[in-house]
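Here is the structure we will look at, set down as structure tokens.
No lab work stands behind these numbers, since they all come straight from the coordinates. Computed from a prediction, not measured in an experiment: that's the story for all the values here. Cβ placement follows ideal geometry from the backbone for every residue including glycine, while neighbour counts extend to all protein chains displayed.
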Amino acid sequence: MAGALAAAIAIGWLAWAWYESRLPATYSVMDYAIEDDGGKPLPEHAMHMGVPVDSLKGPSGLPDRHFTLTAQAADVKLTSGRVVHALTFNGSLPGPELRVRKGDLVEVTLRNRDVKSGVTIHWHGVDVPGAEDGVAGVTQNAVAPGGSYTYRFRAEQVGTFWYHTHQSGAEEVRRGLYGALVIEPPGRHAGLNLPVVVHTLDGIPVVNRTDGIERWQVPPGTDVRLRLVNTDNAPHSFDIGGAPSRVLAIDGTDLHGPTLVSGRKLVLAAGGRYDVGLRMPVQPVRLAVEDTGVGVVLSRDGTGDPPIPESGPELDFTSYGIPARTPFDASSRFDREFTLEVTRKPGFFDGQPGMQWAINGGIFPRVPMFMVEEGDLVKVTLVNGSRGIHPMHLHGHHMLVLSHDGKPVTGSPWWSDTLDVEPHSRYEVAFRANNPGLWMDHCHNLQHAAQGLTMHVAYAGVTTPYLTGGSAHNHPE
């Protein structure tokens with residue numbers, strides 16, 4: 001009888017856990033989250049301000065640059081002659097490169113021709129106003145076939161960014177709904193300035209639109225800036241042979257005093273960006289993406305086949321470059337301190353049993369929501385207690401990396417919006433809460449995000465009128 005009673009209790013608990021894990025047909029992302037105030041209670045007046053996120057729009061006025069991006073299915077022919085059936089912006093893969101100047105008022109009209117599941121545009125790494133973030137079910141409704149939506153933001157940053165859909169992201173980004181966004185400083189700049197966008201399409205690695213080696217004719221003495229963008233779900237490693245180089249920027253923020261390096265491997269997080277600079281020598285230069293067979297060759301006549309560079313030790317950004325003053329550092333007094341710990345545990349995710357991703361012990365949607373006030377200085381400890389790599393991406397902000405596994409950052413200030421947290425490792429990061437909104441903070445392995453590895457940072461009083469799932473047709477991952 002005792003055994004039967006124990007079995008009945010266990011079955012009853014499993015049935016309850018299964019029932020409780022099911023998501024409603026439609027729901028608000030704020031309904032189930034567990035609010036975490038980071039050790040500082042939020043004032044009552046802030047909690048009841050009632051600011052809808054869709055009111056936090058970009059500036060009005062005549063835009064300096066206007067683009068139209070049309071999401072559509074298209075057969076794309078790669079340089080090898082292979083044809084892939086992709087989802088595209090304007091029929092191209094990647095989508096059109098958007099290049100603007102700092103200070104430009106940018107307006108982008110998104111049209112959906114025939115992407116049945118709907119589409120949005122998220123400006124990855126650009127700290128846009130809250131309503132312009134492009135997350136279905138959080139800052140807007142997904143754009144259905146035949147519909148359109150217009151984004152507006154001032155290009156306040158300088159650097160390499162990218163754009164991609166944030167509706168059914170694990171599927172739609174994989175199939176091609178992405179492109180490069182470059183924000184340049186004012187004035188003219190000589191030399192070669194080349195985005196190198198890496199993706200895997202139907203199992204085929206590509207650099208830009210090339211499923212092999214992309215070749216460029218570059219006169220010796222030319223200053224070259226390679227803007228590396230990883231649009232895949234896993235990190236990519238890059239090797240450069242033929243010339244020493246510098247890593248000029250990480251995630252759209254310049255490094256201070258970057259030094260020349262040779263024979264160092266550059267490991268780029270999923271969703272991350274590096275700007276790499278070199279001066280073109282007489283001999284060819286090769287940028288190789290490890291384990292893919294794709295890359296870029298630069299030479300004085302646009303030909304040549306230099307050897308694949310040997311892979312050396314990984315460049316450590318905790319000590320790269322020269323220190324410089326920052327608006328805050330590890331010794332600062334923080335208004336709020338949070339821990340974001342990723343683990344894996346048995347349980348149910350929307351009624352499905354298995355080993356699930358968990359944040360601070362909770363399985364989505366019962367995960368933390370970090371609550372902040374505008375002006376707060378916020379510290380977050382990122383802990384990876386799992387065996388997977390998690391490129392954690394915070395929307396709307398850049399994080400200053402303070403330490404990695406207890407080792408302080410002693411080189412250039414290192415600002416990131418997409419940080420690879422390796423298995424069983426720990427980062428301390430900090431940011432100023434200076435961009436009101438409701439912001440996703442999620443793993444940019446979009447398969448992991450679709451499996452529940454996502455949460456939000458919410459400013460006190462900001463709400464969303466949008467719903468996720470079911471009849472709302474909003475599926476941010």
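Which percentage, to the nearest 5, of the DSSP beta bridges contained in the chain is antiparallel?
Taking every DSSP beta bridge with both residues in the chain, the antiparallel ones total about 70 percent.
From the P(r) of region 17-81, could you give the percentage of C-alpha pairs in the tail past 19 Å?
So the pairs more than 19 Å apart make up 71 percent of the total in region 17-81.
Taking a virtual spin label 7 Å from the Cα of Met30 along the C-beta vector, which residues in region 446-477 bring their backbone nitrogen under 11 Å of it?
Hits in region 446-477 for Met30 at 11 Å: 458-466.
Between Rg and the Kirkwood Rh of region 200-259, both from Cα atoms, what is the Rg to Rh ratio?
Using only Cα positions, Rg/Rh for region 200-259 is 0.98.
If I take all pairs of Cα atoms in the chain, what percentage of them are more than 33 Å from each other?
Percent of Cα pairs beyond 33 Å in the chain: 38.
Any idea what the dipole of region 192-299 comes to, in debye rounded to 20, about its Cα centre with Lys/Arg Cβ at +1 and Asp/Glu Cβ at -1?
360
For region 395-477, just say rounded, prolate or oblate: build the C-alpha gyration tensor, square-root its eigenvalues into a ≥ b ≥ c, call rounded for a/c under 1.5, and beyond that prolate if a/b exceeds b/c, oblate if not.
Judged from the Cα gyration tensor, region 395-477 comes out oblate (a/c at least 1.5, b/c at or above a/b).
Within the set of other residues whose C-beta is less than 14 Å from the C-beta of Val207, count the net charge using Lys and Arg as +1 and Asp and Glu as -1.
-3
For the peptides 423-430, 89-96, what is the packing order when you average, over each peptide's residues, the other Cβ atoms within 10 Å and list the highest mean first?
Put in order of decreasing packing, that is 89-96, 423-430.
Check Leu402: other-chain or 5+ apart residues with amide H under 5 Å from its amide H, H built from backbone geometry?
Placed amide hydrogens put Glu428, Val429, Ala430 under 5 Å from Leu402.
Taking 37 °C and 0.692 mPa s as the conditions, I'd like the Stokes-Einstein D for region 192-299 in µm²/s, using the Kirkwood hydrodynamic radius from alpha carbon pairs.
Diffusion coefficient, whole number: 237 µm²/s.
Could you tell me whether region 65-184 comes out rounded, prolate or oblate from its Cα gyration tensor? Rule is a ≥ b ≥ c as square roots of the eigenvalues, rounded for a/c under 1.5, then prolate if a/b exceeds b/c, otherwise oblate.
It is oblate, given that a/c is not under 1.5 and a/b is not larger than b/c.
Over the Cα atoms of region 265-377, what Rg and Dmax result, in angstrom?
22.5, 61
Where does each of 339-350, 49-60, 378-389, 243-254 land if you order them by average Cβ count within 10 Å, highest first?
Highest-to-lowest ranking by the protection proxy: 243-254, 378-389, 339-350, 49-60.
Taking the Cα centre of region 65-184 as the origin and placing charges on Cβ (Lys, Arg +1; Asp, Glu -1), which of Phe161, Val126, Val173 is farthest toward the positive end of the dipole?
Farthest towards the positive end: Val173.
So what's the net charge close to Val276: Lys and Arg +1, Asp and Glu -1, counting the other residues with Cβ under 9 Å from its Cβ?
Here the charged neighbours net out to +2.
Count charges around Thr339 for me, please; just the other residues with Cβ under 12 Å from its Cβ, Lys/Arg as +1, Asp/Glu as -1.
-1
Give me, ordered by chain and number, the residues 5 or more places off Gly321 or on other chains with an amide H under 5 Å from its own placed amide H.
Thr259, Ser412
Spin-label point model (7 Å from Cα, Cβ direction): what's the Ser319 to Leu23 distance in nm?
Placing both labels 7 Å along Cα→Cβ, they lie 4.4 nm apart.
Report, to the nearest 10°, how far helix 2-21 tilts away from the longest principal axis of the Cα atoms in the chain, using its own Cα long axis and a range of 0 to 90°.
60
Sort 319-330, 200-211 by the packing proxy (mean of other Cβ within 10 Å over each peptide's residues), most packed first.
Top to bottom by mean Cβ count within 10 Å: 200-211, 319-330.
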